[in-house]
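Below is one structure, written out as structure tokens; comments come after it.
The values are calculated or read from the model by the stated rules, or taken from the named source; none is laboratory data. All figures in this text were calculated on a predicted structure; none of them were measured in a lab. Positions of Cβ are backbone-derived with ideal geometry, glycine not excepted, and every protein chain shown enters the neighbour counts. Only protein heavy atoms, including side chains, enter the accessible area calculation; ligands, DNA and RNA are left aside. Shrake-Rupley method; radii C 1.70, N 1.55, O 1.52, S 1.80 Å.
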Amino acid sequence: MHIPDGFLTTPVWASLAALSLPSAAAFARKAQSGLEDGRVPLMGVMGAFVFAAQMINFPVGIGASGHLVGSALLAATLGPAAAAVVMTAILVIQALIFQDGGLLALGANVFNMAIAGVLAGYWPYRILSGTRGRMAGLFFGGFLSVIVSAALCLGELALSGVRMPAQVLGISVLVFSVTGLLEGLITVAVIGSLTRMNPRWIREPAGEGRRALALLACAALVLASTGFLVASALPDGLERVAGLVGLAGHERAVLAAPLPDYDTLVIDNPWLRRATAGLLGLGLTTLACFLLGKWISRWRSA
Amino acid sequence: MDQPVAQRIGPGIFVFDQWSRGNSAIHRLDPRGKVIACFFLLILTSLWSSAWCIFPLAVLIAAAARVPIPGLARRAALVLPFTLIFAAVTALMGDYPRAAALLWRSYLSALWVSLLMATTPLEVVLETAARFGVPRLLVEVTHFTWRYLGVIGAQAWRLKTAALTRGGERSFHISAASLAVLFASSYARAERIHRAMLSRGATGENA
């Protein structure tokens, strides 16, 4: 699901670009600080590997087949920061050479697939690594990376006014669930083979104490993206949320100020008020968890 | 199976490499100017509700750069399968103006990006991005990914062919093993590349 240009309204793509650019830079710094000898060629070649892996089909009976997406596999082998950088590089090449995803929409695509997708692929593995459920963590990671990316993508499109009737949305959710299941299975199967070949290739996440944090962050990410998708299935509600936060849904209102009837809107709509508050709360919780984690890790290393 | 290896990754993926080595006035322009112009045209296309009237400009630029126009139009058309699905759904919901806007907007935007890539080599575009502040690591990884895309792609194709001669991609298990083999050889290749770089005196802090 690479969003091309011309789908997202200016506020949507601009705010996602404003979000992705510093995040990608932070991931690049993080990947760079943990950089061992020869990591840049490795990351580049792994990017090419993920591209090439699409050629190898995985049969799933009755003539259907799927292929690897790769976020969870990369996160488990390179670590999340390097995986995010590699996925971003892949998205850049897809946008420039393959016309798969737009250049203005690159920020949105990076956010959906390279940032949220990689984190959703990594956190379940992070939570369950070191326990007997390690493979289950990899499976959920593969599954979630696809689901979260797709939910965010559909939500962003709906926020930009590209809506789908509920039935079509239902079908696409079903399709994405199957893709996600397949991604989980492929990730587990490939990591299983790799472990037999050379266990050194699989990274065991370091720092055991932050498991609860990862669980919280993962839950927040999943809740936020599914909430986003559910909201997009309720067009009226979403349109008002869009108006409320200044993301007007129509072209002519692209640069319009937030709606004047802001107050009445909030008061008249208890559901909306709760939904907005919920989303805001989730965002703040995630931020708080992140800061807390930073603080704890600094406190521990001090 | 009758297509060349590189075509299996994506049709005509090296065509930009060929076009961008041209020698027209457009090719010789400062890449920073071209990147900024591309973004300007993209934003114009996304904001202006009758931006379709600048279609002739794309044709004009392509002609000035002596880039084959039908080929360029085909490259930009790669965006259409995705757009057509959404345009069809939007049209079925009765929102015809939006469906039409999705179609011409995404196509015209793809045309601008294709024009940039047809007149500026990828490595120049990436260097320009680095000069505009894109993290160096990301730029380098993108370089490497593009450089080894054909190499690893060819290897994947050989693995696939080998699997087909053994009776086809019949089981999930075999495909997973193939992918693991591809991973292992990519890993080993990356190590060889790194050693080769060091032996040639690469000193980049990132290398």
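In the range B:152-169 there is at least one residue that is within 7 Å of another protein chain (Cβ to nearest Cβ) and among the basic types (Lys, Arg). Condition first: within 18 Å of the chain's Cα centre (by Cα), at the interface with chain B (Cβ under 7 Å from one of its Cβ atoms) and of a type in the set (S, T, N, Q). Now tell me which residues in the range A:86-105 satisfy that. Selection gives A:88 alone. All conditions in (1) free of Cβ contacts under 8 Å to residues at least 60 places away in the same chain; (2) more than 30 Å from residue A:57 (Cα to Cα); (3) part of a helix (DSSP H, G or I); (4) within 11 Å of chain A (Cβ to nearest Cβ) hold for residue B:94, with the sole exception of (3).
Selection of helices (runs of 4 or more DSSP H) fully inside the range A:84-193 by the criterion of at least 2 residues being surrounded by fewer than 22 Cβ atoms within 10 Å (Cβ to Cβ) returns A:134-159. Taking each residue of the range B:54-82 that is at positive phi and looking for partners that are open to solvent by 20 Å² or more (accessible area, probe 1.4 Å) with beta-carbon atoms closer than 7 Å, six or more apart or interchain, yields B:66/B:22.
Matching residues to (1) loosely packed, with under 15 Cβ neighbours inside 10 Å; (2) under 30 Å from residue A:41 (Cα atoms); (3) more than 15 Å from the chain's Cα centre (by Cα):
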{"position": "B:90", "(1), (2), (3)": "no, no, yes"}
{"position": "B:100", "(1), (2), (3)": "yes, no, yes"}
{"position": "B:105", "(1), (2), (3)": "no, no, yes"}
{"position": "B:108", "(1), (2), (3)": "no, no, yes"}
{"position": "B:111", "(1), (2), (3)": "no, no, no"}
{"position": "B:129", "(1), (2), (3)": "no, yes, yes"}
{"position": "B:146", "(1), (2), (3)": "no, yes, no"}
{"position": "B:165", "(1), (2), (3)": "yes, no, yes"}
{"position": "B:179", "(1), (2), (3)": "no, yes, yes"}
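Can you give me the number of residues within the range A:50-69 that are farther than 14 Å from residue A:187 by Cβ and either modelled with pLDDT under 85 or more than 20 Å from the chain's Cα centre (by Cα) (or both)? Number of matching residues: 11. Is one or more of the residues making up the range B:115-138 small (Gly, Ala, Ser), closer than 19 Å to residue B:42 by Cβ and at the interface with another protein chain (Cβ under 8 Å from one of its Cβ atoms)? No: zero hits.
Go through the range A:125-161 and count every residue that is under 22 Å from residue A:20 (Cα atoms) and not small (Gly, Ala, Ser).
Taking the range A:125-161 first, the residues under 22 Å from residue A:20 (Cα atoms) are A:141-142, A:144-161.
Going one step further and asking which of them are not small (Gly, Ala, Ser), we end up with A:144, A:146-148, A:152-154, A:156-157, A:159.
Residues flagged as under 22 Å from residue A:20 (Cα atoms) and not small (Gly, Ala, Ser) within the range A:125-161 amount to 10.
When the range B:148-177 is filtered for residues that are closer than 14 Å to residue B:189 by Cα and among the basic types (Lys, Arg), nothing remains. Applying the set (1) assigned to a helix (DSSP H, G or I); (2) free of Cβ contacts under 8 Å to residues at least 60 places away in the same chain; (3) crowded, with 17+ Cβ neighbours inside 10 Å to residue B:151 leaves exactly one unmet item: (3).
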